[in-house]
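Please read the structure below before turning to the comments.
Bear in mind these aren't lab numbers, they're just calculated from the coordinates by the rules spelled out. These figures come from a predicted structure and were not determined experimentally. Here Cβ is always computed from backbone atoms with ideal geometry, including for glycine, and neighbour counts include all displayed protein chains.
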Amino acid sequence: MRRALSWLVILAMLWPRTFVQAEIVLPHDAGSHPDLRTEWWYVTGWLHAEDGRNFGFQITFFRSRNEESAENPSRFAPHQIILAHAAISDPSIGRLLGDQRAARAGFGLAEALEGKTDVWIDNWSLRQSGDGYTLSLPARDFRLALDFKPAQTPLLHGPGGLSRKGAGADASSHYYSLPQLAASGTLTHQDNSFSVTGTAWLDHEWSDSYLEQDAVGWDWTGLNLADGGALMLFRIRARNGSVRWAGGTYRKPDGTLTWFKPVDIRFTPLRHWRSPRNGTRYPVAWRINAGTLEFELEPMMDDQENDARATTGTIYWEGAVRAMEAGQEIGRGYLELTGYWRPLQL
């Protein structure tokens, strides 16, 4: 079952199919889109505990449409698969503490509802509640119980929320974010329960054809800037090592919006870290150029590698980072590096 789930997720991300280009309409589109192959709700952030410690956290709920059962009319056929990854970054430990889940939708096992954000698997859940969100996540080595309150309007990545992922018309997704979320709640870790506050970032993205066939992975960052701005940048790497596509969105504190073109963006690695578990070499520190913006990304800690082979069949780096400009911190967020362990391919 685990191996089958891994192939389903990779297949859903790479399968070529005509993409329906409709504008995002909220709040309805905050829910599931079961007719499309791949979808995820992704929350990351920095948490500050009452004892002065900082933690990073990330939770991703995936929904994958199972093409193998699409023509099967039986209610027992696994038409939708729900998966989830969760992790916290604790510098006192020096590595991620992670957990993962996978189940078919329905029968009280897992679900992703339409019309609003309500996605869960077993006793893990992310739900819209009033004007905010609640996260309940009792993982193997930690427990998160968090509330998120929006401080800004949703951030659409591209006209109508259509985010290009390549030169081909089919390489695109529907994509919006809720940056600068006020986070509060409790983190239970190492037999201690901490009251925590912080700032989070929520991504919601869905597509039928996310990557073009020669793509091997991506580098992505989402940053809550100290001045109240928000910045999302990504680049997609090709098999020959070149940049296949790049894009991003920058919203200034006054609401002024910029959508970056591929030519506007440059990721330059400054430092690498090699995994002691599998030898994968990740660029964990970067110089980033986006239009007139220039800054550096520094990780909270180097070892933020996530082994998700049990559910999505891959290993990737995803961790808390600081954005630095001339030695001063200008923002905090997350960095995701995929396709370094192995290319995302069938």
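Counting only residues at least eight positions apart within a chain, or on another chain, the aspartates and glutamates with an alpha carbon under 20 Å from that of Lys252 are Asp203, Asp227, Asp264, Glu294, Glu296, Glu325, Glu329. Under the shape rule built on the C-alpha gyration tensor, where the axes satisfy a ≥ b ≥ c, segment 229-346 is prolate, since a/c reaches at least 1.5 and a/b is greater than b/c.
Estimated from helices alone, the mean residue ellipticity of the chain at 222 nm is -1000 deg cm²/dmol (sum of -39500 (n - 2.57) over DSSP H runs with n ≥ 4, per residue). Using a cutoff of 8 angstrom between alpha carbon atoms and counting only pairs six or more residues apart, the relative contact order for the chain works out to 17 percent. Take 148-155, 31-38 and order them by the average number of nearby Cβ atoms within 10 Å per residue, most first; the result is 31-38, 148-155. Fraction of C-alpha pairs exceeding 36 angstrom in the chain: 12 percent, rounded to a whole number.
Magnitude of the charge dipole for segment 123-217, about its Cα centre and with charges confined to Cβ atoms of Lys, Arg (+1) and Asp, Glu (-1), is about 280 debye.
Lys/Arg Cβ at +1, Asp/Glu Cβ at -1, dipole of the chain taken about the Cα centre: which of Phe55, Leu126, Ala215 is farthest positive-ward? Result: Ala215.
The magnitude of the dipole of segment 2-337, with charges of +1 and -1 set on the Cβ of Lys/Arg and Asp/Glu and taken from the Cα centre, is near 720 debye.
Of the residues Thr280, Leu293, Gly255, the one whose Cα sits farthest towards the positive end of the charge dipole of segment 2-337 is Thr280 (charges of +1 on Lys and Arg Cβ, -1 on Asp and Glu Cβ, taken about the Cα centre).
Candidates Trp206, Val243, Tyr334 compared by Cα position along the dipole of segment 2-337: farthest toward the positive end lies Val243, with charges placed on Cβ.
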